[in-house]
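Enquirer: Handing you a structure now.
All of the numbers you see were taken from the coordinates with simple rules; none came from a lab. Here the structure is a predicted model, which is why all the values come from computation and not from measurement. Methodologically, a virtual Cβ is constructed for each residue, glycine included, from the backbone with ideal geometry; neighbour enumeration extends over all protein chains shown.
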Amino acid sequence: MNDSMSSMAECLVRWGATILVAVALIVRCKIYLKRTDSSQRHVIVDIGTCKKIFDCKKYLDDILTNQLTPSASRAIPNQRLVKAFNIYNGFTSQDPALGKRFKADASEKINISDDAWSKIAHISQTLVHQQISGADTHGDAIFLNRLAQSITLKISLSVLYGLEPSTLNSTAIAHIAEGIDARWRASKIPGSHCPISLVSLNQSLQTIFPALEIKEGRENPLNFILPAYETMWRAVLLGTISIAFPDERMSHPSNYSTVLVQYLQSPNKHTFEQIHPSEGGISVAHIAQEILRLFPPTKRVYRRYHFPNEEPQLLAADIEACHHDKTIWGDDAQTFKPERWRSIDEKTKESYMPFGAGKYACPARVEFAPMMVGLLVAAFVGQLTEAQREISKECTENRGRGKTEEDKGVKLVNRRGMANFIVRRKQ
Ligand code: HEM
């Protein structure tokens with residue numbers, strides 16, 4: 001009797017232990033699942049749904065309502081930028097009034113006169129010329145990525161803060177560009193170490209803005225510099241390369257350089273949109289649109305959603321996927337082809353959204369950003385095509401990854417940390 005009781009007790013203990021282990025495992029598993037659920041990113045590639053996501057609206061079955069306010073839904077995914085740059089603006093704040101003011105201030109800064117456009121065209125050409133001829137004189141290679149960064153940054157500072165580009169300390173400008181790039185990239189990988197500290201980035205900013213209290217988030221000039229400069233420089237770089245160093249497999253029916261260089265003589269809304277019948281019927285606007293279609297600087301727009309009784313989730317409206325969708329843009333969706341904009345139907349146009357859409361659409365979308373991208377690409381292309389030049393091997397490797405025959409002339413890779421494009425005079 002005693003024996004059977006003790007073996008029963010043993011059995012119970014064993015079962016108890018097994019059940020405890022199983023419960024512990026289930027609990028851990030649930031926690032794990034919750035973690036993966038809450039950090040999961042749902043990427044949306046359907047145009048109609050993307051537009052709902054931009055506005056932080058109901059998106060799937062039109063039943064569930066996001067419990068977060070639109071400002072919160074947008075600001076939460078952007079908190080990594082607060083850590084990386086100590087910024088405080090409409091992108092990062094949950095205060096709708098601040099967001100409204102920020103957008104109004106940005107719109108005011110970029111509303112510039114025709115005279116100011118002409119001045120910018122002149123300065124941009126001078127800056128590009130100085131850099132390129134300096135490199136040529138010393139037989140040096142031209143590092144196009146750095147050049148696109150420094151010139152776009154100088155011009156952005158002149159528009160946003162009225163600074164004189166030619167007087168800006170070039171070393172500080174290079175450090176700021178490098179710091180923004182490094183810290184932006186590190187902010188995307190949680191826990192990663194950034195080789196450039198915020199202190200060092202702020203020191204360089206302080207050289208340019210001696211009177212500002214940069215530690216104070218609201219005063220931080222990066223509040224405006226980031227949305228303007230960080231979006232434009234990569235479009236300028238990749239647009240320049242697409243035009244000055246076209247893929248040899250491509251035939252360009254139009255002479256883009258001629259159209260661009262003419263625009264530089266007198267840049268305004270009219271010359272931007274002017275069709276050039278002798279150059280295949282294209283305009284600078286077509287070129288800028290094609291650059292921003294193929295190389296959208298903001299590839300995805302993120303929103304946080306929290307539905308009742310569910311884990312919060314991160315949704316991404318995939319702008320790049322919509323821009324490259326072959327069912328919309330055709331088999332040559334990956335090809336740089338400004339001509340496609342000569343006659344484009346409304347449905348296709350709907351899927352073009354480099355500036356987002358709806359409630360938070362970019363205030364620079366209508367004039368400033370496309371005109372500035374066109375202008376800076378023109379300044380680069382004009383100077384680079386003057387002498388016979390060749391581009392580094394990395395460029396060719398960067399182009400045409402995973403190509404198929406129909407992706408002939410496939411686009412350059414568009415991402416932070418892309419290959420260095422190095423240009424030399426042909427021997
Ligand atoms: C090619 C250049 C540019 C691109 C591709 C671009 C892209 C975008 C995108 C996708 C958004 C929407 C973000 C969202 O929905 O969360 C946005 C918003 C915004 N952009 Fe741009 N942008 C560009 C240039 C500029 C410039 C030059 C400025 C001037 C400071 C600017 C200021 C803003 C502001 C203030 C907003 C927020 C609008 C709001 O809160 O309603 N952007 N931009």
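Enquirer: Shape of the stretch 43-425 from its Cα gyration tensor (a ≥ b ≥ c, root eigenvalues): rounded if a/c is under 1.5, otherwise prolate when a/b > b/c, or oblate?
Expert: Values: a/c = 1.59, a/b = 1.17, b/c = 1.36.
Judged from the Cα gyration tensor, the stretch 43-425 comes out oblate (a/c at least 1.5, b/c at or above a/b).
Enquirer: Using only Cα atoms, locate the centre of the stretch 215-292 and the centre of the stretch 91-155, then give the distance between them in Å, rounded to an integer.
Expert: 12 Å
Enquirer: Okay, next question. If you take every residue apart from ALA357 with its C-beta less than 11 Å away from the C-beta of ALA357, what net charge results, scoring Lys and Arg +1 and Asp and Glu -1?
Expert: Net of charged neighbours comes to +2.
Enquirer: Could you run the Karplus curve 6.51 cos²θ - 1.76 cosθ + 1.60 with θ = phi - 60° over the stretch 416-426 and give me ³J(HN,Hα) per residue in whole Hz, x for Gly and Pro?
Expert: In residue order, the calculated couplings are 5, x, 6, 4, 7, 9, 10, 10, 10, 5, 5 Hz.
Enquirer: In the structure shown, do any of LYS103/LYS326; LYS83/LYS349; LYS83/LYS359 have a Cα-Cα gap over 32 Å, and if so which?
Expert: Numbers: LYS103/LYS326 34 Å; LYS83/LYS349 36 Å; LYS83/LYS359 25 Å.
Exceeds cut-off: LYS103/LYS326; LYS83/LYS349.
Enquirer: Also: Want the number for SER200 to ARG41: 0.36 nm per residue separation, take away the alpha-carbon distance, what's left?
Expert: Numbers: separation 159, 0.36 × 159 = 57.24 nm, distance 3.25 nm.
Extra length available between SER200 and ARG41 comes to 54.0 nm.
Enquirer: Summing Lys, Arg as +1 and Asp, Glu as -1, what charge do residues with Cβ under 15 Å from the Cβ of SER166 carry, SER166 excluded?
Expert: Details: positive: LYS119, LYS154; negative: GLU164.
Value of the local net charge: +1.
Enquirer: Right, here's the next one. Out of residues 5 or more away from LYS58 or on other chains, whose amide H comes under 5 Å of its own, with H placed 1.01 Å from N in the peptide plane?
Expert: ASN66
Enquirer: Shape of the stretch 79-151 from its Cα gyration tensor (a ≥ b ≥ c, root eigenvalues): rounded if a/c is under 1.5, otherwise prolate when a/b > b/c, or oblate? Display every interim value, and only then the final one.
Expert: On the way: a/c = 6.78, a/b = 1.75, b/c = 3.87.
The shape class here is oblate.
Enquirer: Taking the alpha carbon gyration tensor of the stretch 193-327, what are the square roots of 5 times its eigenvalues, largest first, to the nearest whole Å? Could the numbers behind the result be given before it?
Expert: Values: eigenvalues 255, 128, 44 Å².
So the equivalent ellipsoid measures 36, 25, 15 Å along its semi-axes.
Enquirer: Where does the charge balance sit around ASP46 when Lys and Arg score +1, Asp and Glu -1, over other residues with C-beta under 10 Å from its C-beta? It would help to have the intermediate numbers written out before the result.
Expert: Numbers: positive: LYS51, LYS52; negative: ASP318, ASP325.
Once positives and negatives cancel, what remains is 0.
Enquirer: Starting at the first residue of the stretch 78-95, write each ³J(HN,Hα) from the Karplus equation 6.51 cos²θ - 1.76 cosθ + 1.60 with θ = phi - 60°, in whole Hz, x for Gly and Pro.
Expert: Karplus-based 3J(HN,Hα) across the stretch 78-95 equals 8, 5, 4, 6, 5, 5, 6, 10, 6, 9, 8, 8, x, 6, 10, 9, 8, 8 Hz.
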